[in-house]
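> Here it is, the structure in full.
Readers should treat all values here as calculations from the given coordinates under stated rules, not as data from a laboratory. Please read all numbers here as calculations on a predicted model, not as lab measurements. Heads up, the Cβs are rebuilt from the backbone with ideal geometry, glycines too, and the neighbour counts pull from every protein chain shown.
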Amino acid sequence: MPTVPEIITQSVLKQLEQGGAPWRKPWSTSAPQNLISKKPYRGLNVFSLATQGYGSPYWLTFNQAKQLGAHIRKGEKSTLVSFWKCSDYGRENASTGQLENKTSVLLRYYHVFNIEQCDGLRAIYGDDWKPINPIEQCEAISNSMPNAPRIERHSHAFYRPSADLIGLPSRNCFESPEAYYTTLFHELTHSTGHSSRLGRFEENSSDHEFASESYSKEELIAEIGAAMLAGISGISHSTLANSASYLQSWISKLRSDSRLIISAASHAQKAVDHILGDVKAHQ
């Protein structure tokens, strides 16, 4: 009898053969703005705030949160916002003795927090803020991975082998809990290639450029692994079509190796077995 990962892999392969709907990024962010004034931030502040990876576009200062009856959660770090402050003043011209109008331009800054870093705002913010609720089985898989990599919030999803670090947007950026966990599973599968785990990256350390065959193969491994974990955790019905479309976008870049998908699936199975190590130990 085929195992769940085998069933999921075959389903993915079938959709690959048939083609799929265009893959789309399952998270989104909006332009950052102040919660009180609703004014959007400008200049470098847009980049600085947007790349923090929060699902909500709204930010406020410590005092603004306090005025609303909310508070910043302990341990949360602020983000710096800068602005130019212009002031007019008069100064006597040393040569003519006449008073001249001058303008001083000074760079100022203050600290803001995203509303996801605050408690006590739900009554005010209402249904505009809908946090992603955890799925128990998915949490069990991600929390039980042995020797797991560090995870930090970021504006986009990635795995960085040199730092053994996963970057992931806030859960609230994602369109559904299933989309969040599938993205997390994708990056966790990538992380199994680290030298402290399965050492998969060592095989292609000299050829891992974007769109290269080794890069494409690694993306296939990560997405097949994510699809397997989605099947095991019971969320594949919501994510499989997007996974297949993503794989289709990568398989079109492969050159001539018809066995590459089979090899990628084999590596994905090993990655899934590693991720499930502690889960299996307690079953």
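> Per residue of the range 214-226, what does 6.51 cos²θ - 1.76 cosθ + 1.60 with θ = phi - 60° give for ³J(HN,Hα)? Whole Hz please, x for Gly and Pro, Karplus curve as stated.
For the range 214-226, the Karplus-derived couplings read 5, 5, 4, 5, 5, 5, 4, 4, 5, 6, 5, x, 5 Hz, x marking Gly and Pro.
> Also, I was wondering about something else. How large is ³J(HN,Hα) for each residue in the range 168-184, as worked out from phi by the Karplus curve 6.51 cos²θ - 1.76 cosθ + 1.60 (θ = phi - 60°), to whole Hz, x for Gly and Pro?
Result, ordered by residue: 8, x, 4, 4, 6, 6, 8, 6, 6, x, 4, 5, 4, 5, 5, 5, 4 Hz.
> What ranking, highest mean first, results for peptides 173-186, 65-78 when packing means the other Cβ atoms within 10 Å averaged over each residue?
Top to bottom by mean Cβ count within 10 Å: 173-186, 65-78.
> Using θ = phi - 60° and the Karplus form 6.51 cos²θ - 1.76 cosθ + 1.60, what ³J(HN,Hα) does each residue of the range 49-66 get, whole Hz, x for Gly and Pro?
Once θ is set to phi - 60°, the couplings for the range 49-66 become 7, 5, 7, 6, x, 7, x, 8, x, 8, 10, 7, 7, 4, 5, 5, 4, 4 Hz.
> What net charge is computed for the residues neighbouring Arg153, neighbours being all others with C-beta under 12 Å from the C-beta of Arg153, Lys and Arg scored +1, Asp and Glu -1?
0
> Still on this structure, please answer the following. For the cross-link pairs Lys39/Lys74; Lys38/Lys66; Lys39/Lys85, which exceed 20 Å when the distance is taken from alpha carbon to alpha carbon?
Lys39/Lys74
> Calculate the FRET efficiency for Ser214 and Ile151 from the Cβ-Cβ distance with a Förster distance of 25 Å, rounded to the nearest 0.05.
With R0 = 25 Å, the Cβ-Cβ based efficiency is 0.50.
> If you don't mind, another one. Give, in nm to one decimal, the length gained when the segment between Ser95 and Ser144 is fully stretched (0.36 nm per residue of separation minus the Cα-Cα distance).
Answer, rounded to one decimal: 10.0 nm.
> Give the long-range amide H neighbours of Ser155: residues separated by 5 or more places, or on another chain, with amide H under 5 Å away, using H modelled in the peptide plane at 1.01 Å from N.
Placed amide hydrogens put Gly53 under 5 Å from Ser155.
> How far apart, in nm, are two points set 7 Å out from the Cα along the Cα-to-Cβ line at Lys74 and at Ser37?
With each label point 7 Å from Cα toward Cβ, the separation is 3.3 nm.
> Also, quick follow-up: Give me the number: length gained by fully extending Ser176 to Phe158, i.e. 0.36 nm times residue separation minus the C-alpha to C-alpha distance, one decimal in nm.
That pair, Ser176 and Phe158, stretches by 4.6 nm at full extension.
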